[in-house]
1. Rank Glu52, Glu31, Glu141 by mean-square fluctuation in a GNM of the chain with C-alpha springs under 10 angstrom and give only the top-ranked residue.
2. If you add up the charges near Gly19, with Lys and Arg at +1 and Asp and Glu at -1, over every other residue whose beta carbon is less than 14 angstrom from its beta carbon, what do you get?
3. Take the Cβ-Cβ distance between Gln156 and Leu28 as r, set R0 to 25 Å, and report the resulting FRET efficiency rounded to the nearest 0.05.
4. Under a GNM of the chain (C-alpha, springs under 10 Å), which listed residue has the highest mean-square fluctuation: Tyr68, Tyr88, Tyr57?
5. With θ set to phi - 60°, apply the Karplus curve 6.51 cos²θ - 1.76 cosθ + 1.60 along the range 148-160 and write out the HN-Hα couplings as whole Hz, x wherever there is a Gly or Pro.
6. Distance in nm between label sites at Arg132 and Ala119, each 7 Å beyond Cα in the beta-carbon direction?
7. Could you give the length gained by full extension between Ala78 and Ile169, i.e. 0.36 nm per residue of separation minus their alpha carbon distance, to one decimal place?
8. How much net charge surrounds Tyr57 when only other residues with a Cβ under 10 Å from its Cβ are counted (Lys, Arg +1; Asp, Glu -1)?
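The numbers here are math on the coordinates, done by the rules we state, and not lab data. Values in this document were obtained by computation on a predicted structure and should not be read as measured data. Cβ sites come from the backbone with ideal geometry, for glycine too, and all protein chains shown count toward neighbours.
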Amino acid sequence: MARRGAGVEGWLPTIWSMGHRNAQGAALNPETGVLWTAEHGARGGDEVNAVEAGKNYGWPVITYGRDYSGAKIGVGTAKDGMEQPVHYWDPSIAPSGLTFYTGDTIPEWKGSAFVGALAGEKLVRLELDGRRVAAEEALFESAGGRIRDVVQGPDQALYVMTDGSDGQIMRITRADPLATGTVD
């Protein structure tokens, strides 16, 4: 029989990890099988986590954001026994969908994580080195609305969905030499 939960003393057996705030995107890294999440912070403190069983990711005890009133949240940005995010944004980008690019048609993006951003209406590419973000690149800023989700299609293109009454789906098939991308 498979073990349920994280098996941490004091946790219910159904709890796998804790300390998350408003996860908007989640994807398994196809290279490692690790679950990654894109989470809204409060005012700032949006973050990406590589989630592991039995770990506490800190909310609301630690955060890089502040309350909407401007007040401090919790005890600061770090505390023993709580995990640091892989990456965080301050100011907020209001992250949404999350995916990993595994295709060959955009070779310079292979292995990158992509996160939609509601604030700034952009797609964020995170170039990864294991569990570390080596570089961040903003793509398609204000290209048609708030980016709600991003997925890789079976044709190896990235598909980006915007929200709103005039929402659209953009198909991204190749990268421009200046890393601005091309939308079909």
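1. Top of the fluctuation ranking is Glu31.
2. On the way: positive: Arg21, Lys55, Lys79; negative: Glu39, Glu47, Glu52, Asp80, Glu83.
Once positives and negatives cancel, what remains is -2.
3. Working from the Cβ atoms, E equals 0.90.
4. The residue with the greatest mean-square fluctuation here is Tyr68.
5. Working through the residues one at a time gives 8, 8, 9, 9, 9, x, x, 8, 6, 7, 8, 10, 10 Hz.
6. 2.7
7. On the way: separation 91, 0.36 × 91 = 32.76 nm, distance 3.87 nm.
The Ala78-Ile169 span can extend by a further 28.9 nm.
8. Details: positive: Arg21, Lys55; negative: Glu39, Glu47, Glu52, Glu83.
My count for the surroundings of Tyr57 gives -2.
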